1. With a 1.4 Å probe and every protein chain kept in, tell me what percent of the accessible surface of the chain is carbon plus sulfur.
2. For region 264-336, what is the convex hull (Cα atoms) projected area averaged across all directions, in square nanometres?
3. Taking a probe of 1.4 Å, how large is the accessible area per residue of region 280-344, in Å²?
4. For a protection proxy built on the mean count of beta-carbon atoms within 10 angstrom, sort 32-40, 285-293 highest first, please.
5. Cut-off 10 angstrom, C-alpha nodes, Gaussian network model of the chain. Which of Ile349, Ile72, Ile178 fluctuates the most?
6. With θ set to phi - 60°, apply the Karplus curve 6.51 cos²θ - 1.76 cosθ + 1.60 along region 383-394 and write out the HN-Hα couplings as whole Hz, x wherever there is a Gly or Pro.
7. How far is helix 72-88 tilted off the main Cα axis of the chain, in degrees rounded to 10, range 0 to 90?
8. Under a 10 Å cutoff between Cα atoms, tell me which one of Ser235, Ser99, Ser78 has the largest fluctuation in the Gaussian network model of the chain.
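The values are calculated or read from the model by the stated rules, or taken from the named source; none is laboratory data. Note that the structure is predicted; figures quoted are calculated from it, not measured. Neighbour counts run over all protein chains shown; Cβ positions are idealised from the backbone, glycine included. The protein model used for the area step is the full one, side chains on, heavy atoms only, and it has no ligands, DNA or RNA in it. Shrake-Rupley method; radii C 1.70, N 1.55, O 1.52, S 1.80 Å.
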Amino acid sequence: MGMTMTQKILAAHAGLDSVVAGQLIEAKLDIVMANDITGPMALPIFEQMAKKVYDKEKVVLVPDHFTPNKDIKSAENSKAIREFSKEQGLKWYFEQGKSGVEHAILPEAGVVVAGECIIGADSHTCTYGALGAFSTGVGTTDIATGMATGELWFKVPFAMKFVLTGKPGPYVTGKDVILHIIGKIGVDGALYKSMEFTGDGIASLTMDDRFTMANMAIEAGAKNGIFPVDEQAVSYMKEYSVKEYKIYEADEDAEYDEVVEIDLASVRPTVAFPHLPGNAKTIDEIEAMEPIKIDQVVIGSCTNGRISDMRKAAAILKGHTVHPDVRVMVVPATQNIYKQCIKEGLVDIFIDAGCAVNTPSCGPCMGGHMGVMAAGEKCVSTTNRNFVGRMGHVDSLIYLASPEVAAASAIAGCIANPEKVGDK
């Protein structure tokens, strides 16, 4: 019986010739990552298990959620992982001002590569599947175990195959594609399964598109999302990493619970309405409704804070002014992306349009700080979740969209079609 990409990676890390879906295994870990929320919770558990981390080059700590620290508690949390990193001599500790959002900085810094088995105490750790790695989010007890032993047990996931064909049209990005898919299968459509993307359409998706899609696999309930390693992925890893990588390919007779075909040419700019990422509507459906007036726009996060996202948003905003009833926050995902925005004049475009440009942080995405919303307010956000109370008051509303839809909406004052704003 053949294996999927995910199953092959897990088998290799478990020291087995093969595994089957549903099998319990113990696998060796290449990277164990936590942040300033989850890390401090894992440390007391770790200290009951070990005095030293299993490998100081493989345990990674990133303060990004409540940084710059918004209050005393967040400052204490950051202090805890900062001091732990120094005591343990960790190679990868990303201090504020020298890094960025975890799921953007790890690939950019070359920490993660194809063929690895990666866990992170954050649900969007599945981002690294864009590079052909098995990466998944786990709880704090599992992170502590991983830090202490370098191993963790897994139940080998069943799999779904997504065959992508064709090329996306103008103003259609990886964000639109993944929102389209989640809208199609539902927020539990891939529950504890591996979402494996394949097909000739992948060649037309940039690495940033793939990072976005893998990032949101968890929003369909998936254990992980994963892409084949093609020339684009290899080129990306050679540019950013010096680590050795290993390419795994699914067997032709690999078993999938379901095969879903997606013609990328048929995907339209898509928005997820409150309060689920699966509540997807196309821009055409939205234009047939009464205008949905908004109060806020957020462009950034581990989902859409990369340089291509910044460029796309700036291209829409250039020469325009943000609607007087709307406030906009632009948050580049890493310091290098921020610097690139400055070099390319994107920061000038954002500021001239009336946007606030903020330091790299998760802040607005989970209502941590920067952009917390009041009751009744509506936000178009390029982040990954629109649950009740996610960005502030439980009576606020979040609409998930691409950077181009977000930028067009900022100008119009309501959810808007970037095709029309971009043509002006």
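1. Working: 8150 of 16240 Å².
Ligands and nucleic acids excluded, carbon and sulfur reach 50 percent.
2. Numbers: hull surface 26.5 nm².
Computed as one quarter of the Cα hull surface, the answer is 6.6 nm².
3. Details: 2890 Å² over 65 residues.
I get 44 Å² per residue for this part.
4. Working: 32-40: 26.2, 285-293: 13.1.
Top of the packing list down: 32-40, 285-293.
5. Between Ile349, Ile72, Ile178, it is Ile72 that shows the largest mean-square fluctuation.
6. With coefficients 6.51, -1.76 and 1.60, one gets 7, 10, 9, 10, 5, 4, x, 4, 10, x, 4, 5 Hz.
7. The helix 72-88 is inclined about 40 degrees to the chain.
8. Ser235
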